[in-house]
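Beneath this line is the structure, given in structure tokens, with notes to follow.
The values are calculated or read from the model by the stated rules, or taken from the named source; none is laboratory data. In this text the structure is predicted, and so the values were computed from the model without any measurement. Cβ sites come from the backbone with ideal geometry, for glycine too, and all protein chains shown count toward neighbours.
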Amino acid sequence: MGTTMAGFVRAAAREKARALLKREKRATLSPRDFATVAAALDHAFAPNEALRAAMKRARETVQRARARDGAAPAGGAPALID
């Protein structure tokens, strides 16, 4: 039994979409760009004051929300930034 024109078009479109997504999921880097990205990942950055303040505000907001909702504090959870 054959397929309808609409079924054929849907199947072809699905196949092309999968091929496109597979191709676009990958990033191709030159050797120089790869070395730059690898070096950035290998060296941790030191957070600046603005980031420290933002993390402190976020931590305080979460603590207030947990207290308001009666949730137990996340005891023992490591701090992201000291």
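Yes or no: A79 at pLDDT below 90 and loosely packed, with under 10 Cβ neighbours inside 10 Å?
Numbers: at pLDDT below 90: yes; loosely packed, with under 10 Cβ neighbours inside 10 Å: yes.
Here the answer is yes, as A79 does meet what is asked.
Scan segment 45-62 and report the pairs whose first residue is on the phi > 0 side of the Ramachandran plot and part of a helix (DSSP H, G or I) and whose second residue is surrounded by 13 or more Cβ atoms within 10 Å (Cβ to Cβ) and among the hydrophobic types (A, V, I, L, M, F, W, C), with Cβ atoms within less than 7 Å and a gap of 6+ or a chain change.
none
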